[in-house]
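**Q** Pasting in a structure now, in C-alpha cells, and then I'll have a few things to ask.
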Amino acid sequence: MEPFISLDGLVAPLDRSNVDTDAILPKQFMKSIARTGFGPNLFDELRYLDRGEPGQDVSKRPLNRDFMLNQPRYAGASILLTRHNFGCGSSREHAPWALHDYGFRALIAPSFADIFYGNCFKNGMLPIVLPENIVDELFQAVYRAPGYRLIIDLALQRVSNPAGDTWEFEIEAARKDSLLKGLDDIGITFSKAEIIRNYEALRKQQEPWLFPGGA
Amino acid sequence: MTAARTLLEKLWERHVVEEDETGRALLYIDRHLVYEVTSPQAFEGLRLAGRKPWRSDTVLATADHNVPTVWSERSGGVDGISDPLSRIQVRKLGSNCEEFDINEFRLQDRRQGIIHVIGPEQGATLPGMTVVAGDSHTSTHGAFAALAFGVGTSEVEHVLATQCLSMQRMKPMLVKVEGDLRPGVTAKDLILHIIGRIGTAGGTGYAIEFAGSTIRDLSMEGRMTLCNMAIEAGARVGLVAVDRKTIDYLEGRPFAPEGKQWAAAVEYWKTLKTDDGAVFDRTIEVDASALQPMVSWGTSPEMVVPIDEVVPDPSNEADPVRRAGMERALAYMGLRAGMRISDIAPDKVFIGSCTNARIEDLRLAAKVVKGRHVSNSIVQALVVPGSGLVKEQAEAEGLDRIFIEAGFEWREPGCSMCLGMNSDRLGDGERCASTSNRNFEGRQGAGGRTHLVSPVVAAATAIAGHFADDHHFDVRE
C-alpha cells in the first residue's frame with residue numbers, strides 16, 4: 001500500500017454535512033471492474049450540469065462553475081475540508097478510489113462514517129478528525145485566502161498552516177503505523193497463518209457445523 | 001463467575017484470533033457473501049498476489065445489484081443483459097467464482113436474489129457467525145445474532161485471502177423498544193423513527209442491539225428490516241438476540257446444520273443474548289405504541305416525519321449547517337415547508353430492496369392492494385421480490401395476481417430501483433414512494449426524489465395517488 005508520511009497541500013472546501021458515497025461517486029460508475037479511473041467522475045452530479053455516464057469524454061461536458069472543484073483557485077487541491085459524517089451510505093471503496101484518483105490525499109472533517117473512514121486507510125489516504133470549531137475556522141481561512149495550504153505531519157499527528165498555527169489530531173496507533181510504513185495488510189495477516197489455523201481447529205470443535213467441508 | 005457480557009461482546013470474543021491491548025483484533029470471518037459490484041477488484045488482487053481463497057466453502061456469491069428485473073431481458077441469462085458494462089460485471093463474477101471454486105447462484109437459479117435476502121433464506125446466515133459482504137446493508141444479518149457488517153473491496157480481498165479482518169472493537173449501544181406497534185405500523189416505521197431521533201451519525205462507532213418486548217414480537221423479517229437500516233443510523237452492526245423465532249426460522253434451511261449438529265447448535269445459540277446486568281455505552285428507549293407510519297421528506301434518512309404531519313420548516317432550525325442542509329433538501333425534493341405529507345403525490349412506487357422485499361413485506365402490501373387499483377397519477381408501480389424463492393412463495397399464495405390486477409409490475413428479483421444500477425430508475429424530478437433504505441440525492445436515478453416508507457404506506461400510496469397509510473386509505477374508500 002502507498003504510504004502517507006506528510007503532505008503540504010492546497011485545501012478545497014466542501015461545505016456540506018452528510019456527503020454520502022452516492023454523491024462522491026454515483027452508482028453508474030461502479031460498473032467498472034478496475035480500481036482506477038474514477039477521478040473524472042468524483043462528485044459527478046455536483047460537478048457537471050449534464051447526466052454522467054461511463055465512457056464519456058469529460059472534457060466535453062458542461063461544468064457547474066459554482067462547484068468548488070471547478071474554480072481555478074482550488075485546482076490541484078490535495079486536502080478536502082468538509083463537514084460532519086462525510087462518506088455516509090454505502091461501503092463502496094469506489095468512493096475513496098475516486099477521491100484518491102482525483103488527487104486528494106487527506107480529508108479533514110469533524111466526523112466520518114465508519115466504513116468510509118476505514119476504506120481511506122486501505123488506499124493511503126488520511127482522514128483527519130478535528131473539532132467542529134476548528135473546522136469552522138479552517139473554512140473561514142480557506143474562503144479568505146486563495147491558495148490556502150495546510151501541512152500535515154502524520155508522525156507528529158499535527159496539522160499546521162504556514163502562519164504557524166497548529167492543531168493536533170487523534171489516530172489509532174495501528175492505523176498510523178500502517179499508513180506511515182505503507183504496510184501490506186493482507187501480507188501481515190497472511191504471516192499469521194499458523195495462529196489462524198490453530199484458532200480454526202478450536203472453532204471446529206466448538207461449532208463443527210460451521211466447517212461442513214472439514215476445513 | 002464471568003462478568004455479564006453484551007451480545008456484541010460474546011460474538012466479538014468468540015471470533016478473536018488475536019487481540020492487542022488497544023482492542024485491535026484479528027477477527028475470524030465465518031461467512032462471506034459476494035456479489036458482482038465490489039468483488040472484481042478483490043479477485044484481481046488475489047490473482048496478482050498469486051493467492052487463493054483461504055476457505056472457499058465460506059463464500060456464497062450471486063449477482064444482484066446490476067441484474068435486469070424484466071423477464072424479457074432476464075430470460076436470456078448473462079448474455080441477455082443489454083447494458084454491456086453490467087453484462088461484463090455479472091460475467092466476471094461467474095468466471096471468478098469458477099476460477100476460485102466458489103458457490104454461486106447464477107442468474108437463472110431460482111435461489112438467486114439480493115444477498116441479504118438469500119443469506120438468511122438459505123440458512124447461510126446462522127447465529128453466532130461473523131458475516132461480511134462488500135455492502136453496507138450486511139447489518140441485516142444481525143437479526144440472527146450474527147456479527148455482520150459491510151466492508152470495502154480491500155477487505156473483501158483480505159477476507160478472501162486470510163478468512164480474517166483486522167478490526168477495532170465497536171462499542172455496544174442498546175435501543176430498547178417496548179409496547180405494541182399499532183396496526184399498519186411496521187418495523188420500517190420503527191427504524192425510520194429511530195434514525196430520525198438519533199440521526200444518521202448517531203450510531204457511528206457502535207453496534208446497536210435492538211431489544212425489548214416490541215422486538216421480541218417482531219417476525220424475523222421485521223427484525224431484518226430493523227437491522228438492515230442500522231447503517232442508516234451510522235452503526236455498521238445491528239443485533240437481535242436469539243429466541244424461539246430465530247431457531248424456528250432456520251430449522252430445515254439448506255445450509256443449516258442437521259441432526260445432532262442441529263441440536264448442539266441450538267444449545268449454543270440459546271446463549272447468544274445479552275446477560276442481565278451487562279453494560280452498554282449508550283441506551284435509547286422507544287415507546288412503540290406511540291409510533292405512526294413514517295415518511296422521509298428530505299435527502300437523508302434522518303429527515304423523516306409521521307405521515308400525518310407536515311414538511312418541517314428550516315427556519316426553526318438553529319444550527320446553520322443543518323439549516324442549510326434542510327433548505328438544500330427541500331429545493332432538491334421540490335417541497336415547501338409546511339406542506340402536508342399526505343398532499344405529496346409521487347410519480348412512482350417501488351416495493352423491493354434488501355430492506356423490504358421478503359415474503360412478509362409482500363403480504364402486507366398485497367393486503368392493502370387487493371381488489372383495488374393503482375391511481376392514474378402513478379406512472380409506474382413496481383414490485384421486485386427479494387429472491388427467486390420469495391417470488392415463488394408469493395406466486396404460490398397468489399400475491400402476484402393481486403399486484404398485477406391492481407396495475408403493479410411483477411418483476412424478477414434483484415436490487416432494482418433501490419439504487420438504479422440496472423434500468424429501473426427514476427427520471428430527473430420524478431418522485432417515488434420507496435420501501436428502500438436511502439433517499440440521497442440521485443440515489444434512485446439522477447434528479448430522482450425518494451421518499452422512504454413501509455410496504456404498507458407504499459401500497460396505500462400507490463392506490464391513493466398521494467402519501468397514505470392503510471387507515472387513510474380505508475377512509476377514502
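The values are calculated or read from the model by the stated rules, or taken from the named source; none is laboratory data. Every value quoted in this text rests on a predicted model; they were computed, and no experiment measured them. Here Cβ is always computed from backbone atoms with ideal geometry, including for glycine, and neighbour counts include all displayed protein chains.
So that you can scan it fast, the table gives a plain yes or no per residue for (1) on the phi < 0 side of the Ramachandran plot; (2) in contact with a strand residue (DSSP E or B) (Cβ under 6 Å, 6 or more places away or on another chain):
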{"site": "A:144", "(1), (2)": "yes, no"}
{"site": "A:151", "(1), (2)": "yes, yes"}
{"site": "A:157", "(1), (2)": "no, yes"}
{"site": "A:175", "(1), (2)": "yes, no"}
{"site": "A:182", "(1), (2)": "no, no"}
{"site": "A:188", "(1), (2)": "yes, no"}
{"site": "A:192", "(1), (2)": "yes, no"}
{"site": "A:202", "(1), (2)": "yes, no"}
{"site": "A:206", "(1), (2)": "yes, no"}
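**Q** Just a yes or no: is a residue in region B:143-156 touching a Cys at 6+ places or on another chain (Cβ under 6 Å) and at pLDDT 95 or above?
**A** Yes, the conditions are met somewhere in region B:143-156.
**Q** Which pairs turn up if I take residues in region A:157-175 that are closer than 14 Å to residue A:127 by Cα and touching a residue at least 40 places away in the same chain (Cβ under 8 Å) and look for partners that are polar (S, T, N, Q) and not in a loop (DSSP other than H, G, I, E, B) with beta carbon separation below 9 Å, at least 6 apart in sequence or on another chain?
**A** Final answer for the pair search is A:159/A:166; A:175/B:168.
**Q** Next up: Of all residues being more than 14 Å from every other protein chain (Cβ to nearest Cβ) and assigned to a loop (DSSP other than H, G, I, E, B) in region B:434-454, which is surrounded by the fewest Cβ atoms within 10 Å (Cβ to Cβ)? Just the residue, please.
**A** B:435
**Q** Of everything in region B:22-40 that's within 21 Å of residue B:415 (Cα to Cα) and of a type in the set (S, T, N, Q), which residue is nearest to the other protein chains (Cβ to nearest Cβ)?
**A** Taking the candidates together, the pick is B:38.
**Q** Let me ask another. Got a sec? Which strands (runs of 3 or more DSSP E) wholly within region A:73-158 have at least 3 residues that are of a type in the set (A, V, I, L, M) and over 19 Å from residue A:19 (Cα atoms)? It would help to see each step written out before you state the result.
**A** Numbers: elements: A:79-82, A:106-109, A:126-129, A:149-153.
It comes to A:149-153.
**Q** So, one more: In region B:1-52, what count of residues is obtained for those that are farther than 26 Å from residue A:206 by Cα and among the polar types (S, T, N, Q)?
**A** Summing the residues that are farther than 26 Å from residue A:206 by Cα and among the polar types (S, T, N, Q) in region B:1-52 gives 4.
**Q** So, in region A:85-96, of the ones that are touching a Ser or Thr at 6+ places or on another chain (Cβ under 7 Å) and not basic (Lys, Arg), which residue ends up surrounded by the fewest Cβ atoms within 10 Å (Cβ to Cβ)?
**A** A:85
**Q** Same structure, new question: State all residues of region B:187-234 that are in contact with a helix residue (DSSP H, G or I) (Cβ under 6 Å, 6 or more places away or on another chain), assigned to a loop (DSSP other than H, G, I, E, B) and away from chain A (no Cβ under 14 Å); if no residue qualifies, say none.
**A** The answer is B:218, B:219.
**Q** Taking the stated definitions as given, is residue B:197 out of contact with any His (no Cβ under 9 Å at 6 or more places or on another chain), farther than 30 Å from residue B:69 by Cα and at pLDDT below 95?
**A** Spelling it out, it is not the case that residue B:197 is out of contact with any His (no Cβ under 9 Å at 6 or more places or on another chain), farther than 30 Å from residue B:69 by Cα and at pLDDT below 95.
**Q** With a cut-off of at least 1 residues that are of a type in the set (Ser, Thr, Tyr) and loosely packed, with under 14 Cβ neighbours inside 10 Å, name the helices (runs of 4 or more DSSP H) lying wholly within region B:1-105. Reasoning before the result, please.
**A** Numbers: elements: B:7-14, B:40-49, B:71-74, B:84-99.
Where helices (runs of 4 or more DSSP H) fall fully within region B:1-105 and carry at least 1 residues being of a type in the set (Ser, Thr, Tyr) and loosely packed, with under 14 Cβ neighbours inside 10 Å, they are B:71-74, B:84-99.
**Q** Pick out the one residue from B:424, B:400 that is acidic (Asp, Glu) and assigned to a helix (DSSP H, G or I). Working first, answer last.
**A** Details: B:424 fails: assigned to a helix (DSSP H, G or I).
Every option except B:400 fails the conditions.
**Q** Still on this structure, please answer the following. Which of the residues spanning region B:412-433 are crowded, with 24+ Cβ neighbours inside 10 Å and more than 14 Å from chain A (Cβ to nearest Cβ)?
**A** Result: B:413, B:432, B:433.
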